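The values are calculated or read from the model by the stated rules, or taken from the named source; none is laboratory data. The structure presented is a predicted model; accordingly, all values stated were derived computationally and were not measured. Virtual Cβ from ideal backbone geometry, glycine too; neighbours counted across all protein chains shown. Only protein heavy atoms, including side chains, enter the accessible area calculation; ligands, DNA and RNA are left aside. Shrake-Rupley method; radii C 1.70, N 1.55, O 1.52, S 1.80 Å.
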Amino acid sequence: MAELQTDIRYLKGIGEKKAQAFQKLGVFTLRDLLSFFPRRYEDRSVYKPIALTQDGESVCVRAMVADTPRLSRIRRGLELVKFRIVDESGMADVTYFNQSYRKDGIHKGETYVFYGKIEGSGVRRGMVNPVCEREDAEGGVTGRIVPVYRLCAGLNQRNVLQGVRQGLDACGEQLPEILPEAVRRQEQLCPARYAYENIHFPADFQALEIARRRLIFEELFVLACALGKMRGERVREQGIRLKPVELERFWETLPFSPTGAQRRAVDEALSDLYSGSVMNRLVQGDVGSGKTLVAAALIWAAWQNGLCSAFMAPTEILAQQHYTTLSGFLAPFGVRIRKLTGSTGAKEKREIKAALAAGEVDLVIGTHALFSADVEYGNLGLVITDEQHRFGVGQRSALIGKGQRPHVLVMSATPIPRTLALILYGDLDVSILDEMPPGRQKVDTFAVNESYRARLNGFIRKLASEGRQIFVVCPMVEENDELPQELKSAEEHAKALQEAFPELRVACVHGKMKPKEKDAVMAAFVAGETDVLVSTTVIEVGVDVPNAALMVVENAERFGLSQLHQLRGRVGRGRHKSWCILVSDAEGDEVRARLDILCKTGDGFKIAEEDLRLRGPGDFFGSRQSGLPEMHVADLGADAQILQRAQQAALKLLADDPALARPENRPLRERVDQLFQRGAEKISEAEL
Ligand code: ADP
Ligand code: MG
């Protein structure tokens with residue numbers, strides 16, 4: 001007997017070859033196959049008399065074949081099979097290209113159902129390559145709403161469709177009901193069996209909607225339960241309880257007053273630190289919103305409590321910048337600050353390590369070097385990681401493992417819509433810096449095409465002659481990528497620019513360089529020793545070059561909106577008027593519409609929302625970055641309302657049964673645990 005975990009080879013028509021093709025799509029077992037949902041649907045449920053069909057419409061007609069199909073070879077590699085069909089209302093000509101088997105498969109005088117697009121009208125009416133089914137086989141691929149699946153080489157729609165049909169018949173009844181009865185009733189969701197049947201083979205569009213709603217809810221509910229359970233386990237972890245500090249004494253020393261949002265974020269984090277449980281908090285804020293100051297305030301609080309803080313940056317150059325900035329905020333108090341990176345000399349490294357172990361350092365700022373195995377901390381109380389998405393979850397936990405459960409603050413400059421953040425960072429509490437420090441200037445943004453090149457070069461020349469610096473960003477080019485010719489590689493573009501501007505100092509930095517080389521080029525740019533820096537997105541993260549006044553992005557269509565917004569945030573950080581020019585020759589309204597959003601708004605959260613809407617969460621986060629399981633039906637952007645309901649239902653259930661230990665919650669618990677496992681695989685993969 002077939003069970004859900006039975007291999008798909010069990011099914012008729014699926015042998016070794018097809019099974020391997022299915023595996024490429026992630027389908028191994030019958031359960032996988034049933035969860036392999038259609039990408040879209042074709043409405044083949046509408047029949048029309050031939051005479052009533054319209055040019056361009058896709059429709060089913062039931063008609064008799066009026067003459068014997070004729071095969072003709074137009075030239076090598078092009079064969080046609082043609083015949084005429086008739087019903088009571090009219091006639092049409094059917095043509096198949098390169099499907100010579102149709103000649104013998106379709107018989108004069110018999111009636112078939114054809115589904116396809118009607119071309120022409122009147123006596124010129126025809127169909128090209130329609131789906132065809134004998135009248136008595138009707139209901140297989142015509143006469144209904146037909147699912148369309150994602151395919152790979154070695155599989156066609158019929159293979160998948162027939163596999164799913166067999167799978168549903170064999171073990172549809174075994175699909176476990178993982179939603180608790182109460183939730184299902186409250187949300188008015190259909191049973192699992194119905195949902196799986198109708199997501200694949202919807203009886204009609206209403207049934208499809210009912211099925212979809214249930215499956216989306218289910219998926220988000222499982223995700224919310226998984227994250228909620230994880231958070232629940234965390235919250236109970238005991239942490240170092242800090243004694244309250246008088247933060248005003250810190251704020252008073254600043255040359256400016258903190259924004260309301262900065263105060264709020266610090267207060268939220270402080271209440272974690274005073275709570276006796278471990279802090280796991282994400283501070284999210286657009287570029288320039290002043291995250292560093294939030295970190296400084298908390299480091300100050302930890303220092304007042306005699307605890308050491310570790311601040312981890314993704315690159316050497318950022319570590320250096322943070323060292324400078326944080327020293328400015330904290331050194332006047334006598335906070336002992338050190339910097340530890342890969343390039344720290346051996347002798348100094350030994351000395352810093354000894355000081356850390358002895359508890360003689362209050363703040364250490366560095367890169368990955370901070371959590372190498374031989375670094376010990378005497379009194380680590382707070383770990384802060386900047387630009388969170390650059391670090392894998394594993395790296396974060398390596399550092400956390402260093403002390404006795406230090407508090408953790410993660411800072412991210414990738415704005416995420418609030419509802420989404422709540423669920424995505426279910427394992428973290430979230431503070432949002434939704435207010436910019438005063439006096440920040442708008443970066444004027446324009447989207448242009450190649451015809452603008454000469455003017456753009458003139459603009460670069462003018463700004464450089466005024467002493468400003470210029471960023472030029474090209475898309476990352478992977479070696480194995482098959483890319484269109486016109487794509488600019490950073491190195492070649494740098495060469496071209498140097499030729500165009502012999503009087504300027506053009507430098508290039510890209511991902512294939514060694515970290516040391518990269519840092520050297522970046523440092524020269526920061527120091528003002530080069531005028532134009534051409535790079536791949538390695539500069540995406542928070543480098544501060546106040547003198548940079550222009551950001552040019554080549555092939556802008558290749559970037560996500562949030563990414564472009566991040567890039568734009570590299571300029572306009574000083575007192576100079578700044579610009580961002582997005583160069584793209586890509587045709588199409590969609591590209592224009594996307595780039596237009598950037599030209600119109602500077603609000604990172606708004607842009608993130610649009611980005612999410614346009615690209616879907618998979619691309620938005622990149623599975624590497626989020627470590628989140630891939631969603632099958634749910635669209636984290638579009639299904640925000642269901643997401644919220646699922647989140648609420650999950651929290652309610654977890655409040656009742658935090659470990660999902662009750663017998664009736666067992667099927668759910670299994671799914672939740674599976675999600676973790678898959679998630680974990682993904683994370684470790686991303687970290688390689
Ligand atoms: P990000 O959030 O991108 O990391 P930073 O922490 O680098 O932003 O801050 C950006 C700039 O704004 C810095 O030059 C910082 O000194 C300044 N800044 C931060 N907070 C304030 C404030 N409350 N008032 C004025 N300037 C501020
Ligand atoms: Mg920053």
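Computed values, structure above
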quantity: Elements of type strands (runs of 3 or more DSSP E) contained in segment 336-416, each with 3 or more residues being at pLDDT 90 or above and touching a Gly at 6+ places or on another chain (Cβ under 9 Å); calculated: 337-340, 380-386
quantity: Matching option when the condition is outside any loop (DSSP other than H, G, I, E, B), in contact with a Cys (Cβ under 6 Å, 6 or more places away or on another chain) and more than 16 Å from ligand 2 (Cβ to nearest atom), among Ala520, Ala494; calculated: Ala494
quantity: Strands (runs of 3 or more DSSP E) wholly inside segment 117-230 containing at least 3 residues that are open to solvent by less than 50 Å² (accessible area, probe 1.4 Å) and either on the phi > 0 side of the Ramachandran plot or touching a Phe, Trp or Tyr at 6+ places or on another chain (Cβ under 7 Å) (or both); calculated: 131-134, 145-148
quantity: Enumeration of residues in segment 238-253 that are out of contact with any Pro (no Cβ under 9 Å at 6 or more places or on another chain), closer than 18 Å to Ala302 by Cβ and open to solvent by 20 Å² or more (accessible area, probe 1.4 Å); calculated: Gln238, Arg241, Lys243, Pro244, Val245, Glu246, Glu248, Arg249
quantity: Number of positions in segment 51-72 that are touching a Ser or Thr at 6+ places or on another chain (Cβ under 9 Å) and over 17 Å from Gly109 (Cα atoms); calculated: 8
quantity: Flag for Gly306 being away from ligand 2 (no atom under 16 Å from the Cβ), among the small types (Gly, Ala, Ser), farther than 22 Å from His407 by Cβ and in contact (Cβ under 8 Å) with a residue 24 or more places away in the chain; calculated: no
quantity: Neighbours by Cβ (under 9 Å, 6+ apart or cross-chain): first from segment 457-475, in a helix (DSSP H, G or I); second of a type in the set (S, T, N, Q) and open to solvent by less than 10 Å² (accessible area, probe 1.4 Å); calculated: Leu463/Gln469
quantity: Among the candidates Ala301, Ala261, Ala319, residue that is part of a helix (DSSP H, G or I), within 13 Å of ligand 1 (Cβ to nearest atom) and either open to solvent by less than 20 Å² (accessible area, probe 1.4 Å) or farther than 23 Å from Phe371 by Cβ (or both); calculated: Ala261
quantity: Qualifying positions in segment 521-553 - out of contact with any helix residue (DSSP H, G or I) (no Cβ under 7 Å at 6 or more places or on another chain), among the small types (Gly, Ala, Ser) and buried (at least 16 other Cβ atoms within 10 Å of the Cβ); calculated: Ala548
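Conditions (1) closer than 17 Å to Asn305 by Cα; (2) without any contact (Cβ under 8 Å) to a residue 60 or more places away in the chain; (3) open to solvent by less than 40 Å² (accessible area, probe 1.4 Å), marked per residue:
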| position | (1), (2), (3) |
| --- | --- |
| Thr324 | no, yes, no |
| Ser327 | no, yes, yes |
| Leu330 | yes, yes, yes |
| Lys339 | no, yes, no |
| Ala346 | no, yes, no |
| Ala357 | no, yes, no |
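Quick grid of which residues meet (1) over 25 Å from Tyr323 (Cβ atoms); (2) among the acidic types (Asp, Glu); (3) at pLDDT below 85:
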| position | (1), (2), (3) |
| --- | --- |
| Ala524 | no, no, no |
| Val532 | yes, no, no |
| Val538 | no, no, yes |
| Ala556 | yes, no, no |
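Yes/no per residue for (1) over 27 Å from Glu197 (Cα atoms); (2) open to solvent by 60 Å² or more (accessible area, probe 1.4 Å):
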position: Thr29; (1), (2): no, no
position: Asp32; (1), (2): no, no
position: Arg75; (1), (2): yes, yes
position: Gly109; (1), (2): yes, no
position: Tyr112; (1), (2): no, no
